[in-house]
Amino acid sequence: NIFMIEKKKTELYQELGLQARDLRFQHVMSIATRNNRIIMRMEFLKAVITPEFLLILDYRNLSLEHWLLNELASQLAGEGQLVTYSLPFEFRAIEAILQYWISKLQGRLNTLQPQILETLEALVDPKLLSVDRSKLHILLQNGKSLSELETDVKVFKETILEILDEEEVIEELCLSKWTDPQVFEESTSGIDHAEEMELLLENYYRQAEDLLNEARELRVLIDDSESIIFINLDSHRNVMMRLNLQLTMGTFSVSLFGLIGVAFGMNLESSLEEDPRIFWLVTGIMFLGSGLIWRRLLSFLGRHLDPPLPPHVPAALKKSQPAAGRVDIKTSLKGETFGLSRNTLTDQ
């Protein structure tokens, strides 16, 4: 049965037997027990669980109507896929809320993953000479959303881990065990509800761990892709710098031998300007000298910028080198021993 009620906060916690701080509306994540009541806070989702009913607080404006009407009611009635249907009501309520929250986190990851992969595929391209700023902006936003998702999953894990470390808290979560004598007799006859509750929490802790691993793999992929982008940009930048340096060398070579033309262009008379072959001779010397200087500078640039190749070591030399080293050591040791014996005999 689903129904909606509107009550003041004072009336509500008095009716539930709680205190005002128990219903404090905080965006935190916690699972606690008060006066045979379970108080679950999953950030915006706040619930109070009793052995008879599940109370969702302030569900309006949170887009929870579809979950409350179409999914939660059927799950608690046994039509869903809850593994705790045969257990008391509080088990089903806790599992339904945990399942909703872990599916919410999984949905956020499923939304982010294709967007990030599509953006990285567009950015990690060695043919691109520049990076699209719009893609980088999208990647930055998705990276922030992924960081927020990792934080939420970590908080969810820590909340469950705190309960798993406290056996008394796990016992207190089994509300029907302390209120219904029949349930208590069943627990003493072999069905331990505390163990069932621990297995339930461990199941969702493991799911959160798997979800966090997927988010971490996506984060590593983003970091690796950023490194590849920076390497590609550095490579293109080095090509442009090398081209600029080559053009600068060419300009220097032409300017150096252009001084000859400048000298002949002065208003000074000599006997060379009367010979018609001097023009072609001087022009040829200028172009030839500039080309030779430029070629020399390019070879100098290639020797100092290109990484040197490792020396080639024959395979036979690699195999025989350790053995030769051992033979040399033995030979030197024998020579030192023989020299020591001869010196000893001479002294005697």
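The values are calculated or read from the model by the stated rules, or taken from the named source; none is laboratory data. Because the structure is predicted, anything quoted here is derived from the model rather than measured. So basically every Cβ, Gly included, is an ideal-geometry build from the backbone, and we count neighbours across all protein chains shown. When the accessible area is computed, the model is the full protein with side chains, heavy atoms only, and any ligands, DNA or RNA have been set aside. Shrake-Rupley method; radii C 1.70, N 1.55, O 1.52, S 1.80 Å.
Restricting segment 26-99 to trypsin sites (Lys or Arg not before Pro) that sit in a DSSP loop and have at most 13 other Cβ atoms within 10 Å of their own Cβ leaves 60. Residue ranking by accessible heavy-atom surface, 1.4 Å probe, largest first, among 42, 29 comes out as 29, 42.
Restriction of the GluC sites (Glu not before Pro) in segment 1-81 to DSSP coil positions whose beta-carbon has at most 15 other beta-carbons within 10 angstrom yields 6, 43, 52, 79.
Extension gain for the segment residue 57 to residue 24, taken as residue separation times 0.36 nm less the Cα-Cα distance, is 10.8 nm to one decimal.
If I compute solvent accessible area with a 1.4 Å probe over the protein chains, what percent of it on segment 9-237 is carbon and sulfur? Write out the running numbers ahead of the final one.
Working: 6220 of 12690 Å².
Solvent-exposed carbon and sulfur of segment 9-237 make up 49 percent of the total.
Note down the net charge around residue 200, summing +1 for each Lys or Arg and -1 for each Asp or Glu among other residues with Cβ under 12 Å from its Cβ.
Values: positive: 92, 206; negative: 90, 95, 195, 196, 198, 202.
After counting each charged neighbour, the total is -4.
Size descriptors for segment 9-237: radius of gyration and Dmax over Cα atoms are 22.3, 78 Å.
Net charge near residue 220: determine it from the other residues with C-beta under 15 Å of the C-beta of residue 220, scoring Lys and Arg +1 and Asp and Glu -1. Write down the numbers at each step before the final one.
Working: positive: 216, 219; negative: 150, 214, 217, 223, 224, 226.
Here the count lands on -4.
Working from Cα pairs under 8 Å separated by at least six residues, relative contact order for segment 9-237 is 18 percent.
For each pair in 104/144; 9/157; 46/144; 157/177, compute the distance between the two Cα atoms and list the pairs where it is over 21 Å.
Values: 104/144 18 Å; 9/157 30 Å; 46/144 26 Å; 157/177 26 Å.
Going by Cα-Cα distance, 9/157; 46/144; 157/177 fall outside the 21 Å limit.
What's the FRET efficiency of residue 242 with residue 154 using the Cβ-Cβ distance as r and R₀ = 45 Å, to the nearest 0.05?
On the way: r = 47 Å, r/R0 = 1.04.
Calculated transfer efficiency: 0.45.
Of the peptides 114-123, 96-105, the order by per-residue mean of other Cβ atoms within 10 Å, starting with the highest, comes out as 96-105, 114-123.
Before I look further, what does segment 76-125 give for accessible area per residue, probe 1.4 Å, in whole square angstrom?
46 Å²
Let me check I've understood the local charge: for residue 43, count other residues with C-beta under 11 angstrom from its C-beta, Lys and Arg +1, Asp and Glu -1. What total comes out? My count for the surroundings of residue 43 gives +2.
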